[in-house]
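Since every read-out is calculated from the coordinates, none of them should be taken as a lab result. These numbers were taken from a predicted model, which means no experiment stands behind them. All Cβ positions, glycine included, derive from the backbone under ideal geometry; neighbour counts span all protein chains shown.
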Amino acid sequence: MSADANCIFCKIVAGQIPSKKVFEDEDLFAFHDIAPWAPVHFLIIPKLHIPSMAQVGLEHAPLLGKIMALAPRLALEQGCRPYPEGGFRIVTNTGAEGGQEVHHLHVHVMGGPRPWLRG
Ligand code: AMP
């Protein structure tokens with residue numbers, strides 16, 4: 001499961017589909033959501049094609065830890081106000097009943113002044 005040729009987020013990582021990049025390193029890629037719910041709304045994804053949280057095991061703990069540890073830094077860089085007045089919301093939809101539309105694991109990071117469009 002390194003990359004899935006039919007996956008839109010794998011294509012974004014590969015540069016085959018344009019995105020507004022927020023961050024990239026050897027393991028992770030972050031980019032602005034195309035349909036933002038909030039003034040700040042970006043996605044952090046592993047470059048590795050993992051379809052969803054349902055496929056995550058203990059072997060992925062370092063990767064997921066890295067995503068979670070990166071989120072606060074990127075949130076501030078992207079304009080979220082500092083905690084506790086500001087802050088951000090982290091969401092990972094999983095499966096049809098979890099509201100997942102794109103089947104490449106991703107963490108939504110949303111923030112900024114309310115009201116938001118959704119969420
Ligand atoms: P989810 O429902 O959690 O699977 O959310 C998928 C998210 O991906 C949605 O918020 C979409 O707006 C976003 N999205 C889909 N295609 C793109 C794209 N090409 N660039 C940026 N965000 C996208």
Residue by residue through the range 18-34, the couplings from Karplus 6.51 cos²θ - 1.76 cosθ + 1.60 with θ = phi - 60°, in Hz, x for Gly and Pro, are x, 8, 8, 6, 9, 6, 8, 9, 5, 10, 10, 9, 10, 8, 5, 5, 6
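Go through the range 1-60 and name the GluC sites (Glu not before Pro) that are in a DSSP coil and have 11 or fewer other Cβ atoms within 10 Å of their Cβ.
Details: sites: 24, 26, 59; in loops: 26.
Those satisfying the criteria are 26.
Given a Förster radius of 22 Å and the C-beta distance between residue 118 and residue 7 as r, what FRET efficiency does 1/(1 + (r/R0)^6) yield to the nearest 0.05?
Details: r = 24 Å, r/R0 = 1.11.
The computed FRET efficiency comes out at 0.35.
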Quick note, the range 62-119: a/c under 1.5 would make it rounded; otherwise a/b > b/c is prolate and the rest oblate (a ≥ b ≥ c, C-alpha gyration tensor); here it is oblate
When the charge dipole of the range 1-117 is computed with +1 at the Cβ of Lys and Arg and -1 at the Cβ of Asp and Glu, the Cα pointing farthest to the positive end, of 10, 88, 54, is that of 88
Heads up, the range 1-116 by the C-alpha gyration tensor (a ≥ b ≥ c square roots of eigenvalues; a/c under 1.5 rounded, else a/b over b/c prolate, else oblate) looks prolate
Magnitude of the Cβ-charge dipole (Lys and Arg +1, Asp and Glu -1) of the range 63-119 about the Cα centre, nearest 20 debye, reported as 160 debye
Nearest 10, in degrees from 0 to 90: the angle of helix 61-77 to the longest Cα principal axis of the chain is 30 degrees
With +1 at each Lys and Arg Cβ and -1 at each Asp and Glu Cβ, the charge dipole magnitude of the chain around its Cα centre, to the nearest 20 debye, comes out at 380 debye
